[in-house]
Amino acid sequence: MKSPELLRETAKVLEETEEKIKGLTSLSPKRKQIALKKIREAKENFRKIADDVVIDNEELANFFLKRAVKLKNSTNNKSIERLGEKEYLKDVEAMFRYSKAAPYDFAGLMKYVNRAYKAYVWGMVSFFVVTAFLPVEFKITSLILLIPILLSLLSLRKRGYTGLMLAFAAIPIPLITGALAVRAYIDVFINPTALQEAAQGLGVSTTTAQIVAGVMVLFGIAELVLLSYAIYMFYKHRHAFL
């Protein structure tokens with residue numbers, strides 16, 4: 001495999017970049033320390049992943065090396081004065097984020113992200129099923145969330161950071177809805193009045209209403225479990241998203 005060698009070379013280039021940053025006068029002391037901290041961590045991240053490679057992705061490793069070389073070449077006072085401190089630090093930040101995401105491409109950690117994605121998909125499917133028999137305001141809420149959820153799904157598939165943020169924003173309301181739904185559907189079992197109202201609202205017998213409520217309780221519990229797992233795993237593996 002060539003990836004480990006390329007990743008070590010990337011770390012070496014970043015080490016050289018670190019030394020060049022120390023001699024810069026075009027960065028303010030505060031921003032110089034920020035750049036040094038991120039480059040040091042990126043360097044160590046690439047060194048570590050080079051020892052843990054299980055997936056040989058030579059093309060991506062080459063990309064990281066080229067970006068490291070580009071950053072090194074732009075680490076001089078003249079280039080930074082031309083680009084501006086903020087633009088230079090954006091390049092440093094990008095290199096840092098690449099180093100944090102690298103384990104998902106080389107060490108096989110994407111399987112955890114894929115599990116979270118599947119949990120998110122099925123959790124949201126359960127959310128829409130659960131709201132089907134709830135009052136109209138819940139249906140309206142689910143329709144409002146439909147577009148953000150779809151956009152998050154598309155972006156998450158591409159490991160987009162925007163999709164991650166959309167998922168974080170979208171999940172809380174379905175979680176609350178799921179909890180309320182479970183409580184409401186359980187009430188159908190223990191409250192004769194609620195059972196009668198549910199049967200009348202659906203236009204079915206009380207037995208059928210109980211069956212529907214039972215199925216919805218299962219969907220509600222599934223929604224809570226799956227979305228809780230998804231949001232936890234997405235946060236834990238947030239560095240996979242760029």
Conditions (1) part of a helix (DSSP H, G or I); (2) within 30 Å of Met233 (Cβ to Cβ) -> Asp56 fails only (1)
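I'm trying to understand the selection: among the residues of region 1-38, which are in a helix (DSSP H, G or I), farther than 23 Å from Ile49 by Cα and touching a residue at least 12 places away in the same chain (Cβ under 8 Å)?
Lys20, Ile21, Lys22, Arg31
Results for (1) of a type in the set (A, V, I, L, M); (2) under 21 Å from the mean Cα position of the chain (by Cα), shown as yes or no for each residue.
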residue	(1), (2)
Glu59	no, no
Glu87	no, no
Tyr98	no, yes
Val113	yes, yes
Gly123	no, yes
Leu150	yes, yes
Within region 202-214, residues more than 21 Å from Ala179 (Cα to Cα) and surrounded by 11 or more Cβ atoms within 10 Å (Cβ to Cβ) come out as Leu202, Val204, Thr206, Thr208
Of the candidates Glu87, Glu93, Glu58, the one satisfying the condition of being of a type in the set (Asp, Glu), exposed (fewer than 15 other Cβ atoms within 10 Å of the Cβ) and within 18 Å of Leu6 (Cα to Cα) is Glu58
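No value in this document is a laboratory result; all are computed from the given coordinates. Here the structure is a predicted model, which is why all the values come from computation and not from measurement. Here Cβ is always computed from backbone atoms with ideal geometry, including for glycine, and neighbour counts include all displayed protein chains.
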